[in-house]
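Read-outs throughout are calculated quantities, based only on the coordinates presented, and are distinct from any laboratory measurement. Everything numeric in this text was worked out from a predicted model, so none of it was measured. Positions of Cβ are generated from backbone atoms using ideal geometry, with glycine treated the same way; all protein chains shown enter the neighbour counts.
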Amino acid sequence: MLIAQITDIHLGFDPGNPGELNRQRLDMVLDRLTAGPNRPDLLLVTGDLTDRGDRESYARLAEALAPCRFPVHLCVGNHDLRDPFRAQFPNVPDAFGFIQYAIDLDGLRILVLDTLEEGRHGGAFCAIRAAWLRARLAEKPDVPTIIAMHHPPVELGIDWMDTASEEPWVARFTEAMCGADQVKAIVCGHVHRPVMTLWQGRQVTVCASSSPEVALDFRPIDPDATDDRAMIVAEAPGLAFHRWDGERLVTHFDVAGKRQTLAQYDANMQALVRHLLEERPAEAGNPAAALHWQYTTQSRTA
């Protein structure tokens with residue numbers, strides 16, 4: 001199963017401009033998903049869908065997502081507002097006033113969490129949301145599960161964007177996750193950079209943003225003294241592909257936009273491909289490898 005992720009779209013950063021840069025970057029990412037070789041089985045959009053939570057921007061998001069030929073599942077972030085979001089996307093499930101829901105797939109479950117506290121930049125996870133999460137985890141303890149949420153529950157090292165480990169919401173989330181061994185990975189946004197780490201023994205993956213990225217700078221930041229450091233940079237729009245093989249989640253980061261092809265699969269590369277495949281054994285249960293092994297063996301003896 002191939003799960004795509006995009007995040008931090010921030011539509012409406014340039015109010016009243018339907019052709020704003022963030023829309024152009026979103027369209028590039030969606031084109032990569034729909035026209036590229038790796039069309040996903042579903043798409044997770046992990047928050048900060050708009051920049052100001054206005055209805056016009058949510059309408060533009062719906063317009064941009066409409067051509068997608070795969071299911072799209074939305075998550076809210078700190079720049080979103082629930083009421084305008086619900087007005088545009090009334091079919092997205094709601095739990096006790098929060099945008100939280102389960103996606104049940106063949107042999108895999110995804111739990112989408114709401115870490116939004118309107119008016120706050122950082123994450124939030126109240127007792128109501130924590131109780132909902134505990135209940136969902138208790139329902140299917142034997143089904144591999146992925147958590148999708150906007151804010152990472154772990155410090156990542158970029159001072160002005162970071163989550164402090166002592167924040168109360170992190171403690172509630174940690175408690176709710178206690179003993180949930182079926183949770184294999186957590187996928188997040190918010191940081192505007194691709195990041196991978198471990199939290200409580202689980203894989204945490206942060207997807208790069210479709211809007212411009214946060215500059216990579218690990219120095220502490222002083223709120224009382226500016227230093228002219230770069231904060232937002234114009235990297236290519238980012239996205240992630242999460243490949244679930246039944247046991248583990250393998251993540252590949254990608255970017256959208258034009259790129260120069262330096263080699264393609266033609267006669268010049270065919271010998272290399274054959275050589276690489278010949279090195280692999282014909283594993284039991286792998287028909288493709290077995291057929292290739294049979295083909296190369298017959299070729300040598302012919």
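So here's what we get for this one:
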item	result
The range 26-38 - phi-based ³J(HN,Hα) in whole Hz, Karplus 6.51/-1.76/1.60, Gly and Pro as x	4, 4, 5, 5, 5, 5, 4, 6, 8, 9, x, x, 10
Cα-projected label distance for ARG280 with PHE218, points at 7 Å along beta-carbon direction, nm	3.6 nm
Net lengthening on full extension, ARG52/ASN17 (0.36 nm per residue, minus Cα-Cα)	11.2 nm
Between helix 267-278 and the chain: long-axis angle, C-alpha atoms, 0 to 90°, nearest 10	90 degrees
Rounded tilt (10° steps) of 287-301 against the dominant C-alpha axis of the chain	30 degrees
Folded to 0 to 90 degrees: helix 127-139 orientation relative to the chain principal axis, Cα	30 degrees
Directionally averaged shadow of the range 1-118, computed from the convex hull of its alpha-carbon atoms, nm²	7.1 nm²
Sorted by Cβ density within 10 Å, fewest first, the residues LEU133, LEU216, LEU111	LEU216, LEU111, LEU133
Inter-centroid distance (Cα atoms) of the range 84-122 relative to the range 1-20, Å	17 Å
Under Karplus coefficients 6.51, -1.76 and 1.60, residue-wise ³J(HN,Hα) of the range 145-154 in Hz, glycine/proline x	10, 10, 9, 10, 8, 6, 8, x, x, 8
Per-selection Kirkwood Rh - the chain (Cα, Å, 1 d.p.)	21.0 Å
Computed lengthening from PHE70 to ARG82, 0.36 nm per intervening residue step minus Cα-Cα distance	1.9 nm
Percent antiparallel among DSSP beta bridges (both partners in the chain, rounded to 5)	55 percent
